[in-house]
Amino acid sequence: AMLDPDRGLSLTIARVVQRLQGSSLHSQLERQARVSLHKPEIKLESLKEDIKDFLKTSGWEKKLQNAVYSELNVFPLPCHPAAPPEHIKEPLAYMRKAQGSWEKRILKSLNSMCTELSIPLAQKRPVSEQKELLNKWNEMGTDEPDLSLFRPVYAPKDFLEVLMNLRNPNYENGEQPSFRNHLGLIQVPLKVKDISELKEDFSELGLNIGQLGIDDSAQVPPEFFENEHVRVGQKVLAEEDSAAAQQYVRQGCPTAFRADLWALILNISNQPEDILYYEQLKSNVIQHDLLVDSLIYKDVKLTASNDDYYFVFEDYLYQVLLCFSRDTSVLEHFTYSSATPPKSYIQGKLGMEEYAVFYPPNVNYNSFILSVAPLCFLYHEPSKLYQVFREMYVRFFFRLHSISSHPSGIVSLCLLFETLLQTHLPQLFYHLREIGAQPLRISFKWMVRAFSGYLATDQLLLLWDRILGYNSLEILAVLAAAVFAFRAVNLMEVTSLAAAEAVLADLSTLKVMPLLQIFLFATVT
């Protein structure tokens, strides 16, 4: 149910205030206000105004603005007060149901692995093992445990099968007039944007606007744009304004500023309490042994050691992912995600809440690893790397692993990709469909991993600049369609799925920004 704007605004304000009240920022602001009482410029008769002025000039007001902006970016707009809580998670009942049964399937797979291997989901490590782990914390990659018996909980193609079988029960087959002509694999009627709406949303990517990542723009000499863009970037960083930083990165980040700009957009400051929190997670890893630890080990070994770019970060990947699997603060994001975290208990303590261990709802660590690895290029301090990854996960990446009707959710992205191809490259779409090479079967893995592991790292970072800049994952579907458009001539000649996959096997030479620009702004519509 929609709210009238004023009511919606007051609900939003109330919620943001409530969320900030328990935060460390709140106690810091109170402390600053108390300190200011001793300053000569604070007068009793104008106390309230003077304190406000002090907070403004001392930079605390900006910190508060960024915190509010961050809340508005992460949490959905408030529903009607009468709406039940599950509607905040996901308004469509059939999507909630599908997500629920997918979670059950994952948990069942985990539990049967525990039974087969007779390993508990969670157990306390013996003291000797704790010491050993602590000593080799920074070089876990040197370990070679035998993990041959552990198997991945699911592969991207299993997840795609589930999405292909989604149906809206309110429609009998063929009763959806507008949808009947959609010939892709996704068969649910969600509203996705057309090219003219995408052009409007991504207007900063237009042909006559300077971009980082485009070498030969006819309109703007690249070196002129770059110098100016760097100058503006310095100003944005000096201002410490999250909203300005988000707008700025839509045209790309200069390499030297990227780490700081992303942290500013995500409102991450790496305060002492954040570092302490990371240390607590680390000690939890050292004390408890979870089944997922072995899955993480196995996946990092498979992913990082086979990747020339990422293998140098192997130790960082273990640290971040092991800590992430213990992080209960990630749980609060489940109030606005269609997912629900599964719970398990430390062996022998079934049902005792203080022994409950929440499992991250997505045990497909392979995708996680690929979303941490690029961040290792930007952040070398483990607690900051960890915070940036966690924030990227709760803002963006969780949507790629859960079933929902959200415009940035994986179901909508698949549908957007198929619709763009069917509308703008109909011949190619029909040809691939006829030979049994449905395009989504090829592009699904790119989108589910946000293209990590497929593009060259500098190109991937330019793409992720835009995800942060637009606070949306829709650009993943646009890029996937643009890749097909770019290779269309070769794809028209293939006669099998394997041949189509071969044409698209290597994306490491692609330049992201020209592809996006040409597809969005030079496609004849």
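The values are calculated or read from the model by the stated rules, or taken from the named source; none is laboratory data. Since the structure is predicted, the reported quantities are computational estimates derived from the model, not experimental observations. We place every Cβ from the backbone using ideal geometry, glycine too, and count neighbours over all the protein chains shown. When the accessible area is computed, the model is the full protein with side chains, heavy atoms only, and any ligands, DNA or RNA have been set aside. Shrake-Rupley method; radii C 1.70, N 1.55, O 1.52, S 1.80 Å.
Would you confirm whether any residue within region 474-493 is open to solvent by 30 Å² or more (accessible area, probe 1.4 Å), polar (S, T, N, Q) and on the phi > 0 side of the Ramachandran plot? Checking region 474-493: not a single residue is open to solvent by 30 Å² or more (accessible area, probe 1.4 Å), polar (S, T, N, Q) and on the phi > 0 side of the Ramachandran plot. Residues in region 121-150 that are touching a residue at least 24 places away in the same chain (Cβ under 8 Å) and small (G, A, S): A122, G141.
Counting the residues of region 27-60 that are open to solvent by less than 70 Å² (accessible area, probe 1.4 Å), within 22 Å of I268 (Cβ to Cβ) and assigned to a helix (DSSP H, G or I) gives 6. Select from region 114-161 the residues that are assigned to a helix (DSSP H, G or I) and among the polar types (S, T, N, Q) and write down the one among them that is most open to solvent (accessible area, probe 1.4 Å). The selected residue is N135.
Restricting attention to region 222-249, and to residues there that are over 27 Å from the mean Cα position of the chain (by Cα) and closer than 11 Å to L212 by Cβ, which single residue is modelled with the lowest pLDDT? Result: P222.
For region 500-513, a tally of residues being open to solvent by 40 Å² or more (accessible area, probe 1.4 Å) and either assigned to a helix (DSSP H, G or I) or of a type in the set (S, T, Y) (or both) returns 4. For V292, indicate whether it is crowded, with 21+ Cβ neighbours inside 10 Å, outside the structural domain of Q65 (by the TED database) and more than 29 Å from E474 (Cα to Cα). Yes; evaluated as a whole, the condition is true for this residue. Of the residues making up region 426-441, those that are crowded, with 21+ Cβ neighbours inside 10 Å and more than 29 Å from the chain's Cα centre (by Cα) number 1.
Across region 443-493, the qualifying residues are those that are within 17 Å of the chain's Cα centre (by Cα) and among the acidic types (D, E), and the one among them that is farthest from V388 (Cα to Cα) is E474.
I'd like the residue in region 81-97 that is more than 23 Å from the chain's Cα centre (by Cα) and at pLDDT 85 or above and, out of all such residues, is surrounded by the fewest Cβ atoms within 10 Å (Cβ to Cβ). Checked region 81-97; the qualifying residue surrounded by the fewest Cβ atoms within 10 Å (Cβ to Cβ) is A93. In region 461-488, the residues that are closer than 24 Å to L425 by Cα and free of Cβ contacts under 8 Å to residues at least 24 places away in the same chain reach residues that are open to solvent by less than 10 Å² (accessible area, probe 1.4 Å) and of a type outside the set (D, E, K, R) with C-beta atoms within less than 7 angstrom, at least six apart or across chains, in these pairs: R487/L504.
One line per residue, one yes/no per condition, for (1) touching a His at 6+ places or on another chain (Cβ under 8 Å); (2) modelled with pLDDT under 95; (3) open to solvent by less than 10 Å² (accessible area, probe 1.4 Å); (4) under 19 Å from N73 (Cα atoms):
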position: E381; (1), (2), (3), (4): no, yes, no, no
position: F397; (1), (2), (3), (4): no, yes, yes, yes
position: L400; (1), (2), (3), (4): no, yes, yes, yes
position: C414; (1), (2), (3), (4): no, no, yes, no
position: T419; (1), (2), (3), (4): yes, no, no, no
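Could you please let me know if A67 is of a type in the set (A, V, I, L, M, F, W, C), surrounded by 13 or more Cβ atoms within 10 Å (Cβ to Cβ), in a helix (DSSP H, G or I) and at pLDDT 85 or above? Taking the combined requirement at face value, the residue does not satisfy it. Answer yes or no as to whether S371 is closer than 18 Å to R105 by Cβ and at pLDDT 65 or above. No.
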